[in-house]
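Presented below is the structure to which this report refers.
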Amino acid sequence: MTHAKGTTRIRTKRIYEATARSDGRRILIDRLWPRGVSKDSAQLHFWARSIAPSDALRKWYRHEPKKWDEFRRRYFAELDANPEGMTELRAQLGSRTVTLLFGSKEERLNNATALREYLESSG
């Protein structure tokens, strides 16, 4: 678990994992709805589609570890160019525990990890 601005704790988790009270506010950050997950079982508070990586970036990256640094650079540039989406997301954060949900099988090098890093560095 990590901390960003104020007392917000930002966690990441696959949307396929069981929900937990410790998740706090659950925010899906994928552009596409995850396969096999119902809206009820997702128990989302917010779907932040507008700040998910673009389709072009997602398709380019394909979760290839050697592309991670470049993926992060390009994704951060997309986030920088999307102040409205970031404002909307930050309004959802507040000072509470937030879990950024993702659908990828890649649990380390994914958009949720990159977004958490971006939020922590831009405070």
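At a glance:
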| read-out | value |
| --- | --- |
| Identity of the residue in the range 19-42, without any contact (Cβ under 8 Å) to a residue 60 or more places away in the chain and of a type in the set (Lys, Arg), that ends up nearest to Ser104 (Cα to Cα) | Arg31 |
| Residues of the range 70-123 classified as within 26 Å of Arg21 (Cβ to Cβ) and touching a helix residue (DSSP H, G or I) at 6+ places or on another chain (Cβ under 6 Å), total | 4 |
| In the range 12-23, the residues that are of a type in the set (D, E, K, R) and surrounded by fewer than 17 Cβ atoms within 10 Å (Cβ to Cβ) | Arg14, Glu17, Arg21 |
| Residues (buried (at least 17 other Cβ atoms within 10 Å of the Cβ) and touching an Asp or Glu at 6+ places or on another chain (Cβ under 9 Å)) located in the range 24-45 | Arg31 |
| Residues within the range 92-115 that are loosely packed, with under 15 Cβ neighbours inside 10 Å and modelled with pLDDT of 95 or more, tallied | 0 |
| Test set (1) touching a Ser or Thr at 6+ places or on another chain (Cβ under 9 Å); (2) within 23 Å of Thr8 (Cβ to Cβ) - Ser41 fails condition number | (2) |
| Boolean, Asp80 is among the acidic types (Asp, Glu), more than 15 Å from Leu100 (Cβ to Cβ) and modelled with pLDDT of 95 or more | yes |
| Tabulated pairs, the range 92-104, first over 14 Å from Arg11 (Cβ atoms), second in a loop (DSSP other than H, G, I, E, B), C-beta under 6 angstrom, 6+ apart or interchain | Ser95/Gly6; Ser95/Thr7; Ser95/Thr8; Gly103/Ile15; Gly103/Asp30; Gly103/Pro34; Ser104/Asn110 |
| Scope the range 62-91; condition of a type in the set (Ser, Thr, Tyr) and either surrounded by 12 or more Cβ atoms within 10 Å (Cβ to Cβ) or in contact (Cβ under 8 Å) with a residue 60 or more places away in the chain (or both); matching residues | Tyr75 |
| Flag for Ala48 being among the small types (Gly, Ala, Ser), exposed (fewer than 13 other Cβ atoms within 10 Å of the Cβ), without any contact (Cβ under 8 Å) to a residue 60 or more places away in the chain and out of contact with any Pro (no Cβ under 6 Å at 6 or more places or on another chain) | no |
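The values are calculated or read from the model by the stated rules, or taken from the named source; none is laboratory data. This is a predicted model, so every value here is computed, not measured. Please note: Cβ atoms are built from the backbone with ideal geometry, for glycine as well, and neighbour counts cover all protein chains shown.
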